Amino acid sequence: DTAVSQTPKYLVTQMGNDKSIKCEQNLGHDTMYWYKQDSKKFLKIMFSYNNKELIINETVPNRFSPKSPDKAHLNLHINSLELGDSAVYFCASSQPRGGPSGELFFGEGSRLTVL
Amino acid sequence: GEDVEQSLFLSVREGDSSVINCTYTDSSSTYLYWYKQEPGAGLQLLTYIFSNMDMKQDQRLTVLLNKKDKHLSLRIADTQTGDSAIYFCAESVSGNTGKLIFGQGTTLQVKP
């Protein structure tokens, strides 16, 4: 029973298209995150929601729009895809705002390739 | 600013000890972490240390923290081929947001 699940796992698309990645967690966590891992494995936070409220919004182009319909789901929509958007996008969740230990639980990642 | 740095690659022989090093900049970090990423998978927490501790041992893993030098290390005793993965050091950021800053990851290669 997967704790943090993302779909799709792989996404290949053309420049200029719009695409979405979905994430769901069944851990009962209040906080969810989107991280981007580039080709050099560098992992950087993009957004975080706590109980449907946006609490972290890093310097990310406004082509990226997160949406949290409820605290168990955090989706990422990307408009007008560019070559530089190619990366692995990881969803994660945690106890509220990181909880006592700050442990993040990660999904398996969604590999986006923009041609 | 917030920054975490690690060496990119480490190669060891099976049965040897591995030591992965990390430096960080945020002296107010409450916790420091080691995550493991296996190929095609997400990151998984290996261990963490509270900032007022110097050392933490968990089976084959030993974490050492030098707060003065802002240096964190992970020692894996009796390294096995199954330990081959990318290891990420991370620090918590003050502000009660749950945000973690990750290093760029150290690829550990274990040769039989």
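The values are calculated or read from the model by the stated rules, or taken from the named source; none is laboratory data. Remember, it's a predicted structure, so these values are computed and weren't measured experimentally. Neighbour counts are summed over all protein chains in view; Cβ atoms, including those assigned to glycine, are modelled from backbone coordinates with ideal geometry.
Condition check: under 24 Å from A:Lys40 (Cα atoms) and among the small types (Gly, Ala, Ser). Does B:Ser7 satisfy that?
Criteria met by B:Ser7.
So which strands (runs of 3 or more DSSP E) are wholly in segment A:1-112 and hold at least 2 residues that are in contact (Cβ under 8 Å) with a residue 40 or more places away in the chain?
A:4-7, A:10-13, A:19-25, A:31-37, A:43-50, A:73-78, A:87-94
Kindly indicate which of B:Ala41, B:Ala77 is over 26 Å from A:Pro96 (Cβ atoms) and surrounded by fewer than 20 Cβ atoms within 10 Å (Cβ to Cβ).
Checking each option against the conditions leaves just B:Ala77.
Given the residues A:Thr7, A:Thr2, A:Thr113, which is the only one that is at pLDDT 95 or above, over 15 Å from the mean Cα position of the chain (by Cα) and among the β-branched types (Val, Ile, Thr)?
On inspection, the qualifying residue turns out to be A:Thr113.
Might you check whether a residue that is of a type outside the set (D, E, K, R) and farther than 19 Å from B:Phe9 by Cα occurs anywhere in segment B:68-91?
There is no residue in segment B:68-91 that is of a type outside the set (D, E, K, R) and farther than 19 Å from B:Phe9 by Cα.
In this structure, is A:Asn51 within 11 Å of chain B (Cβ to nearest Cβ), over 23 Å from B:Ile86 (Cβ atoms), surrounded by 13 or more Cβ atoms within 10 Å (Cβ to Cβ) and at pLDDT below 90?
Spelling it out, it is not the case that A:Asn51 is within 11 Å of chain B (Cβ to nearest Cβ), over 23 Å from B:Ile86 (Cβ atoms), surrounded by 13 or more Cβ atoms within 10 Å (Cβ to Cβ) and at pLDDT below 90.
Considering only residues that are small (Gly, Ala, Ser) and in contact (Cβ under 8 Å) with a residue 12 or more places away in the chain, look in segment B:17-51 and name the one that is nearest to the other protein chains (Cβ to nearest Cβ). Let's see the steps before the verdict.
Filtering segment B:17-51 for residues small (Gly, Ala, Ser) gives B:17-18, B:27-29, B:40-42, B:51.
Filter once more, so that each one left must be in contact (Cβ under 8 Å) with a residue 12 or more places away in the chain: B:17-18, B:27-29, B:51.
Values: B:Ser17: 24, B:Ser18: 18, B:Ser27: 16, B:Ser28: 13, B:Ser29: 9, B:Ser51: 11 Å.
By that ranking, first place goes to B:Ser29.
Being away from chain A (no Cβ under 14 Å), closer than 22 Å to B:Leu8 by Cβ and surrounded by 13 or more Cβ atoms within 10 Å (Cβ to Cβ) is the filter here; which residues of segment B:63-74 pass it?
The initial filter retains those residues of segment B:63-74 that are away from chain A (no Cβ under 14 Å), namely B:64-74.
Add one more test, that the residue is closer than 22 Å to B:Leu8 by Cβ, and what stays is B:64-66, B:69-74.
Listed by number, the residues that qualify are B:Leu64, B:Leu65, B:Lys70, B:His71, B:Leu72, B:Ser73, B:Leu74.
Tell me, please, whether a residue that is of a type outside the set (A, V, I, L, M), within 13 Å of chain B (Cβ to nearest Cβ) and surrounded by fewer than 14 Cβ atoms within 10 Å (Cβ to Cβ) can be found in segment A:21-32.
Checked segment A:21-32: no residue is of a type outside the set (A, V, I, L, M), within 13 Å of chain B (Cβ to nearest Cβ) and surrounded by fewer than 14 Cβ atoms within 10 Å (Cβ to Cβ).
When you go through A:Leu74, A:Leu83 one by one, which is the residue that is modelled with pLDDT of 95 or more, more than 8 Å from every other protein chain (Cβ to nearest Cβ) and closer than 17 Å to B:Leu100 by Cβ?
On the way: A:Leu83 fails: closer than 17 Å to B:Leu100 by Cβ.
When all the criteria are applied, what remains is A:Leu74.
Identify, by number, the condition in (1) more than 25 Å from B:Ile49 (Cβ to Cβ); (2) within 14 Å of another protein chain (Cβ to nearest Cβ) that A:Ser101 doesn't meet.
(1)
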